[in-house]
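The values are calculated or read from the model by the stated rules, or taken from the named source; none is laboratory data. Computed from a predicted model, the values in this text were never measured in an experiment. In this analysis, Cβ positions are derived from the backbone assuming ideal geometry, glycine residues included, and neighbour counts consider all displayed protein chains.
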Amino acid sequence: MKKIISIFFFIPLFTPLFSQNLDIDILKNINLNRNKNLDHTFKTITNTTAPLSIAAPVIITTLGLIEHDSTKRNKGLCIGASMFLATSISVVLKYAINRPRPFITYPALDKVSNAGSPSFPSGHTSDAFATATSLSLAYQKWYVIAPSYLWACSVGYSRMHLGVHYPSDVLAGAIIGSSSAYLCYKANSWLYKHRHK
């Protein structure tokens, strides 16, 4: 667990390691050479992040309460805690690092979606990966894991397609989201064991 926690302290050092030239080259290749017919599709995918990330824990927790199923309720609460932790870390890092959005630094990029806060890390990606990872840990079945990560990866890609995030923003968001979900899962497992001793 200490290793996972230490990741959060090194994320601010991640950007310099990811060459700025490589970062912008990848983004330009994705954004400027994109299939514009898919713009609406990727906007829709981006816009599903908050609704799905909120709906998943609310629905699972509510079902647990209705069915008097404490295991299901705890899974829902754990998924919600994962998203809350990922969002909190992302917001703190955004304003601590204060990296300008790529379309501000490189006006040639085609900005296809709204974006206001600083760039690093990608909040949409961190929320999507927190939700996907926590769902996958709670329900370890291929038919949960595969669509969850397909959706999370699509959200991450959409942020670059739409010209609002660098690849390093997206990668950092995926690390934050996945790590937050794993930390909450381990903490929930530890609390469950100690509660039943």
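Computed values, structure above
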read-out	value
Close pairs (7 angstrom Cβ cut-off, 6 or more residues apart or separate chains): closer than 10 Å to LEU27 by Cα and among the aromatic types (Phe, Trp, Tyr) in segment 156-175, modelled with pLDDT under 95 and not in a helix (DSSP H, G or I) anywhere	TYR166/SER119
Test: residue in segment 102-120 that is touching a Ser or Thr at 6+ places or on another chain (Cβ under 6 Å), assigned to a helix (DSSP H, G or I) and surrounded by fewer than 21 Cβ atoms within 10 Å (Cβ to Cβ)	no
Qualifying residue in segment 60-75 (condition: at pLDDT below 95, touching a helix residue (DSSP H, G or I) at 6+ places or on another chain (Cβ under 7 Å), closer than 19 Å to ALA152 by Cβ and surrounded by 13 or more Cβ atoms within 10 Å (Cβ to Cβ))	yes
